[in-house]
């Protein structure tokens, strides 16, 4: 095998199948895919051996591509390989990032994470890994002496490979991937591709802007072909525009089309019931919002509205008034995804976080802020428009808990959401802040005639220091609600049982509250502080 005397120490040899040149940027790489014939090639010293053929990659619009480079904590890296995985909700990518300091090379994995990214390094295990069957979403677990919480359990399969990898992939069939999170903001991942030797990695959330990436694919680059299709319901032409879109809504008949398994002749879809509202912020609108802090400062960035969701609260008592709220999915090509939430008690923005808060009884602590629990509730999707990075299902259910910051941080919000069950179960925490209606209308430059319909600023609570009269009224209202709850009888936990199962902690808590006269906080506001169904995890 010829070796070029370059600082990158690129190794080249002919593909044993088609003769095209195959490159190895790392002397330690043991596996690559020929970019011409897609043969899977194992390297043993200077010899190459074909061991199979990789499937075609699922076409997407991710800005990442082979050869793109960046810096992480001051060290340079280059993307030299990609693993593409499939699961029940669609696909995700893990990019092999090669750090090359000149004297030492090290591999890492840049992975998609709920519309954002995590960079992780393989870590040694000094003790046997827990079995996949012993872990479930929400359960605590100790790994290498450190406490973690299981965030998701996913049944996955390897779909395709591109470029070079530090070692041949372990599995070609179904296997389990389990994500763990901790209060330090870390993501731990068990990959059971080889059940006898699970892979363990630890990473942190990153933004592409923080990585100072260069060589990214241009948004208009024709090499990344858009996924065009006909609506299977009415035949209208549809074009999937976003990198991670798993569901798209037909602009003509409003059918929800599942593209999570690729664009083919037979696409799963379902018709939506009539009655959904048109979004007050139209799809495609771009607004300037300062959501995330970078280097201690928040810069306003252009966020485009790409999806719209209407939700209703799952009724625990048929006699209660049902609450509704709306969520707008926002997209920024480098920052990823975020949401703005339009609830009856005001506006807020939210985005998934990498770690999990620390628990203090019913309260939690995140980034130095103590949050008090507001209420538990179930949610159901009733109407959608646009594109989404998760797979949408008819009447999709979630189970949520909302929290509000205390002290001088009463504008901050946290939400815990649980989705799925069994082999594809997940818990996602998201964080954000309240917004005023004026902030929303100004950011998206809405016409004066449209502003009146958006005036729903967050209601004051006892933490916000409202007037004495308001506090007295609120206290009387809560007492009345308590009396109503204590009079309620029957089994109000059927939705919880149907969603999470009779053995779930949610169902047991619900039954215990009913039998023991316990009180589940009632949602006086009738909205969500950021609950949304993502359908994704460390993907």
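The values are calculated or read from the model by the stated rules, or taken from the named source; none is laboratory data. Just so it is clear, the model here is predicted, and its values are computed rather than measured. Because the Cβ atoms are built from the backbone with ideal geometry, glycine has one as well, and the counts that use them run over all protein chains shown.
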Report task. Go through the residues of segment 386-393 one by one and say whether even a single one is crowded, with 21+ Cβ neighbours inside 10 Å, farther than 26 Å from residue 187 by Cα and in contact with a strand residue (DSSP E or B) (Cβ under 9 Å, 6 or more places away or on another chain). Result -> yes
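So that you can scan it fast, the table gives a plain yes or no per residue for (1) under 25 Å from residue 260 (Cβ atoms); (2) in a strand (DSSP E or B); (3) at pLDDT below 95:
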residue	(1), (2), (3)
320	no, no, yes
356	no, no, yes
375	no, yes, yes
382	yes, yes, yes
390	yes, no, yes
Query raised in the report: Given the structure, is residue 238 more than 22 Å from the chain's Cα centre (by Cα), at pLDDT 85 or above and buried (at least 19 other Cβ atoms within 10 Å of the Cβ)?
Result: yes
Query raised in the report: Are there any pairs, at least 6 apart or on different chains, whose C-beta atoms fall under 8 Å, with the first in segment 193-212 and on the phi > 0 side of the Ramachandran plot and the second surrounded by 18 or more Cβ atoms within 10 Å (Cβ to Cβ), and if so, which?
Result: 212/70
Requested in this report: Could you look through segment 269-291, keep only residues that are assigned to a loop (DSSP other than H, G, I, E, B) and within 22 Å of the chain's Cα centre (by Cα), and pick out the one that is surrounded by the fewest Cβ atoms within 10 Å (Cβ to Cβ)?
Outcome: 284
Query - Residue match in segment 140-147 (condition: touching a residue at least 60 places away in the same chain (Cβ under 8 Å) and not assigned by TED's automatic domain parsing to the domain that holds residue 420) - result: no
